[in-house]
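A.B. asks: The structure that follows is given in the form of structure tokens.
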Amino acid sequence: MTTDEFELRERVKELNCLYELSRIAWEANNDADAIIHKTLEILPGAMQHPKLAEANISIGSRLYSTGGFDKCEMMIAEKLSFDKKKFGTVKIGYRRGSPKSKAMSFLAEEKSLLKTVARELSLVIHRVSIEEEKRKLQTQLQHVERLAFVGELSAGIAHELNEPLGRVLGFAQLIKKAGSLNDQQREDVERIIKASLYSREIIKKLMIFSRQMPQQITKVNVNNIVESILYFIDVRFQSRGIAIIKKLDPALPEILADEVQISQVLVNLITNSVYAMPEGGRIFVTTSGRGQHVSLIVRDTGTGMAADIKKKIFEPFFTTKPVGQGTGLGLSVVQGIVDSHHGQIAVSSTPGRGTKFEIRLPVKHKKK
């Protein structure tokens, strides 16, 4: 093969490589992983020794490589960057051929091609990242709008129900106190009172969710809240084969919070754990102080959640419980309370192995 023929062949490979890259960027529909994997497939074929060439692309902490890249004895690299800010690297390497093969070196054209590929890939990945960020912002906006609508609706429903419900409860309690009731009548009145109290709790949840109930911020020790709540509910669940195990940090600092709302957070999380363990199990309630934050952790050995369920658990009115057994407001209320306290929620769950909720609340509460 003459020098001219060799150079022409290499030039054709380079042009084919650039053409394929542009086609990938167009057809991949802003899928960054697909673009990167296809780029890795194409690059080795544009090299002088394609059967010995391997490629590697790194973006942040993510690494993508062809199968034999770790066996390369020599390589060249170009940075991936946009607006003079580096965010990754693209590399091409050669594995050694047979023991008798001559030492290889990269052609100037190969180095030039890699530089061109890095430039084009940088632009494509930057565009994809912009599109991904745009999609995330649109999703967040839709979520905020949905929450605002549901919040307004919930507030209206709560106010409309509160007054007549208060009357029902009041009159039922008066009838009970008046006496002169037979056993069946007393039982019926007791059912009315219990149903009214249950409905009132739902209305409270609606009002907390819609931010209609003002917070009463005081100095709070989360350990004391845990002790109080577990005192009332521990015995209740023992008959179901559920053990509640607490591990409280004795040096836990006080936080500025609404004690009633933090209590409701704990009750809702424990209730969810109980529902996830129909055959019994263990619930671990832990507190710890970390820097300027206090952590409240509720972990269970229940059924856990699949990824698609985990994504929806904080949505208002979403529930996996049968009709009549749940409002779907429990975790929405938890999130609303934690957000209003400038805290964070972390959730981890594995189907069949249980779920863990970690609530992190700041020691120094910032008032809005």
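A.B. asks: So how do 341, 126 line up by other beta-carbon neighbours within 10 Å, fewest first?
C.D. replies: 126, 341
A.B. asks: For residue 87, list long-range residues whose amide hydrogen, built 1.01 Å from N in the peptide plane, is under 5 Å from its own amide hydrogen.
C.D. replies: 80, 81, 82
A.B. asks: Given R₀ = 30 Å, FRET efficiency for residue 130-residue 260 by Cβ-Cβ distance, to 0.05?
C.D. replies: 0.10
A.B. asks: Another question, then. Go ahead and run the numbers for FRET between residue 51 and residue 22, Cβ-Cβ distance against an R0 of 25 Å, rounding to 0.05.
C.D. replies: With R0 = 25 Å, the Cβ-Cβ based efficiency is 0.50.
A.B. asks: So, in nm, how far is label residue 107 from label residue 217 when the simple model puts each one 7 Å beyond its Cα toward the Cβ?
C.D. replies: Distance between the two pseudo-spin positions: 6.9 nm.
A.B. asks: Please compare each pair in 134/364; 85/134; 38/136; 38/111 to a cut-off of 23 Å on the Cα-Cα distance and tell me which ones are over it.
C.D. replies: 134/364; 38/136
A.B. asks: I need 197, 52 ordered by Cβ neighbour count within 10 Å, fewest first.
C.D. replies: 197, 52
A.B. asks: Given a Förster radius of 25 Å and the C-beta distance between residue 282 and residue 307 as r, what FRET efficiency does 1/(1 + (r/R0)^6) yield to the nearest 0.05?
C.D. replies: Between residue 282 and residue 307 the formula returns 0.55.
A.B. asks: Compute the distance in nm between two label points, each set 7 Å from the Cα along the Cα-to-Cβ direction, one at residue 339 and one at residue 11.
C.D. replies: Label-label distance for residue 339 and residue 11, simple model: 6.1 nm.
A.B. asks: Sort 63, 361, 169 so the one with the fewest other Cβ atoms within 10 Å of its own Cβ comes first.
C.D. replies: Final ranking by Cβ density, sparse to dense: 63, 169, 361.
A.B. asks: Enumerate the calculated ³J(HN,Hα) couplings along segment 51-68 in order (Karplus 6.51 cos²θ - 1.76 cosθ + 1.60, θ = phi - 60°), each rounded to whole Hz, writing x wherever the residue is Gly or Pro.
C.D. replies: Residue by residue, segment 51-68 yields 6, 10, 8, 9, 10, 8, 10, 10, 10, x, 8, 8, 10, 10, 9, 6, x, x Hz.
Bear in mind that the values in this text are calculations on the coordinates, not laboratory data. As the structure is a computational prediction, the values presented were derived from the model and not from experiment. Counting neighbours? That spans all protein chains shown, and the Cβs are built from the backbone with ideal geometry, glycine included.
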